[in-house]
Amino acid sequence: MGAITYDMEIPSSIPAAKMFKAVVLDADTLIPMIMPQAIKNVEILEGDGGVGTVKLIHFGEGSQYKSAKHRVDYLDTENLTHCYSIIEGDPLMGVLDSITYYVKIVPTEDGGCICKKRSVYHTKEGGEISEEKIKERKAMAIVMFKAIEKYLQAN
C-alpha cells in the first residue's frame, strides 16, 4: 500500500468563516442545489454531521461516478479545519483503499480567504492512479469551489 499526496490552494474574495460554512457545514445541501449535475444528494447513514459521521453521496447525471461513502474524520469550526475520507464507492476505482482530504480555510488580509486542500490517495497493494486522473479531480475541486464562491457572491 502506498500514498500519493497533492496540495492545492484556491483563493477567494469571500470571508473565511462564510466560505467554511458553505464548503464544509452546508455543502450537503448547497452543492446539490447549485451543482445537481455533480452531486444529486447526500444522506447521513450514521452520526449527526460531526466527527465519525458516515454519509452516502449520490453523484449527479454529469458525474462519471454513481456513489461514495464519506466519513468525517475531523472538524474544527473555530480553526476552519476539516478532514474527511472517501471510504467506499466508485471514486476509489478498485485501486484505492481510501482518499483523505484535509481542508483549511485561511483568512487573507484583504478580507477574503484561501482554501488549502491536501488530498492523500491511499493505494491498494499494486494499485496505481494516473496523474491524469488526479488532475481531473483537482480541476473538479476548483470548479466546485468556484461555483460555491459565485453562489455566495450572488446571495
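The values are calculated or read from the model by the stated rules, or taken from the named source; none is laboratory data. The model shown is predicted, which means the values in this text are computed figures rather than measured ones. With ideal geometry, Cβ positions are generated from the backbone for all residues, glycine too; neighbour counts draw on all protein chains shown.
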**Request:** Take Ile39 and decide whether it is among the hydrophobic types (A, V, I, L, M, F, W, C) and in contact with a Pro (Cβ under 9 Å, 6 or more places away or on another chain).
**Result:** yes
**Message:** Consider region 64-82. How many of its residues are within 21 Å of Leu45 (Cα to Cα) and β-branched (Val, Ile, Thr)?
**Reply:** 1
**Item:** Hey, Asp97 acidic (Asp, Glu), modelled with pLDDT of 95 or more and either closer than 30 Å to Gln153 by Cβ or part of a helix (DSSP H, G or I) (or both) or not
**Value:** no
**Request:** Working only within region 1-38, note down all residues that are β-branched (Val, Ile, Thr) and over 16 Å from the mean Cα position of the chain (by Cα).
**Result:** Ile4, Ile14
**Asked** In the set Glu132, Glu136, which member is assigned to a helix (DSSP H, G or I) and closer than 15 Å to Asp7 by Cα?
**Response** Glu136
**Message:** Yes or no: region 126-148 includes at least one residue that is modelled with pLDDT of 95 or more, over 14 Å from the mean Cα position of the chain (by Cα) and surrounded by fewer than 16 Cβ atoms within 10 Å (Cβ to Cβ).
**Reply:** no
**Fill in**
Taking region 2-51 and keeping only residues that are under 14 Å from His70 (Cβ atoms), surrounded by 18 or more Cβ atoms within 10 Å (Cβ to Cβ) and in contact with a Leu (Cβ under 8 Å, 6 or more places away or on another chain), one is left with Val24
